Amino acid sequence: SRSNEGAPLGDALGEAFPGLHVEWTDNRFREAAGQGLPVGIWIAALALVLGVTVFGGYLLLRDVNRDVRMTEVRSQFVASVSHELKTPLTAIRMFAETLAMGRSRDEHTKSEYLETIVNESERLARLVDNVLDFSKIEQGKKIYRLRPVRLEDVADSAARAMQFPLAQQGFQLRFSVEQEIPELRADPDAIQQAILNLLTNAMKYSGDAREIYLRVGIRGAARNGEALIEVVDHGLGMAADEQKHIFEKFYRAPSHESRLIAGTGLGLTLVAHIVKAHGGRVEVESAPGSGSTFSILLPVLSDNGIHS
């Protein structure tokens, strides 16, 4: 633009635009400000950015804490497994060396040493089986081979397998079959493993009590009910909030007494998985200082060979 006298007004746009000028008015910035967004929108946008930042920080912190907890749990698991492996290995080596050196000439003592070696080897095998089965379950590769079995026979085998370790620690196992049980379609080795894990768990948490009950029977009508396996102890027991987590992997009760007891935190996890794979369920009744009752409930076969 130009003034009345013909002189150009405003600022030149440069050599590329000869003769062109831009004239600025005095209220140009005021008008620009007046055309901007409302202050409330700017505040809302700022709050949104801050909210997203804080939430992102929370997620990051949660992931870091979870990784730290998992690292601690895995470290504790490795330490527990190492301790559980070391105990039977130490006993096997000690009694084997004693026999090899000929220090025990009494036949009864030799027989007792050999029985200890056999039973400690079985204990070691059960621990290894637990760890291997857990690994297969985690990878989704665990397979159960179901066939018709009699639960009384499976429970009796488990009771006989635990007889020596129970006697070593002064326990009495009361095994009873309360009524005739129809056949189950099950993997006998897996069901026996579940019973052994419950009996081992009862030993660990019996405190000063020295009686454990293993009962087999039927809940409900004989043909329409469920096969029942009960393992009862009169030991430490547990609070209701602990019962919600005992079947979780690596879970160990936070009480002082429980922390002093060796274990991997896998036994009850495997019990729950085995029972679920057989179409059953696990129940627990317990109270602090009053012991615990673990119940495995499994479907039985009807007369036509299918689950009732």
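The values are calculated or read from the model by the stated rules, or taken from the named source; none is laboratory data. In this text, all values refer to a predicted model and were calculated from it rather than measured experimentally. Here the Cβ positions follow ideal geometry from the backbone for every residue, glycine too, while neighbour counts run over all protein chains shown. Remember, those area values only see protein heavy atoms, side chains included, never the ligands or the DNA or RNA. Shrake-Rupley method; radii C 1.70, N 1.55, O 1.52, S 1.80 Å.
For this structure, a couple of remarks:
- Residue in the range 238-245 that is closer than 14 Å to Ala202 by Cβ, open to solvent by less than 40 Å² (accessible area, probe 1.4 Å), modelled with pLDDT under 95 and within 19 Å of the chain's Cα centre (by Cα) present: yes
- Whichever residue in the range 110-129 is surrounded by 14 or more Cβ atoms within 10 Å (Cβ to Cβ) and among the β-branched types (Val, Ile, Thr) and, among such residues, is modelled with the lowest pLDDT: Thr116
- Within the range 129-166, being free of Cβ contacts under 8 Å to residues at least 40 places away in the same chain and among the β-branched types (Val, Ile, Thr) holds for one residue alone: Ile143.
- Among (1) exposed (fewer than 14 other Cβ atoms within 10 Å of the Cβ); (2) assigned to a helix (DSSP H, G or I); (3) at pLDDT 85 or above; (4) of a type in the set (A, V, I, L, M) - the single one Leu132 does not satisfy: (3)
- Only listed residue being buried (at least 19 other Cβ atoms within 10 Å of the Cβ) and either in a loop (DSSP other than H, G, I, E, B) or among the hydrophobic types (A, V, I, L, M, F, W, C) (or both), chosen from Ala209, Ala227: Ala227
- Identity of the residue in the range 180-206, surrounded by fewer than 20 Cβ atoms within 10 Å (Cβ to Cβ) and over 24 Å from the mean Cα position of the chain (by Cα), that ends up modelled with the lowest pLDDT: Glu180
- Here Asp189 meets the list (1) under 17 Å from Glu285 (Cβ atoms); (2) without any contact (Cβ under 8 Å) to a residue 60 or more places away in the chain almost entirely, failing just condition (1).
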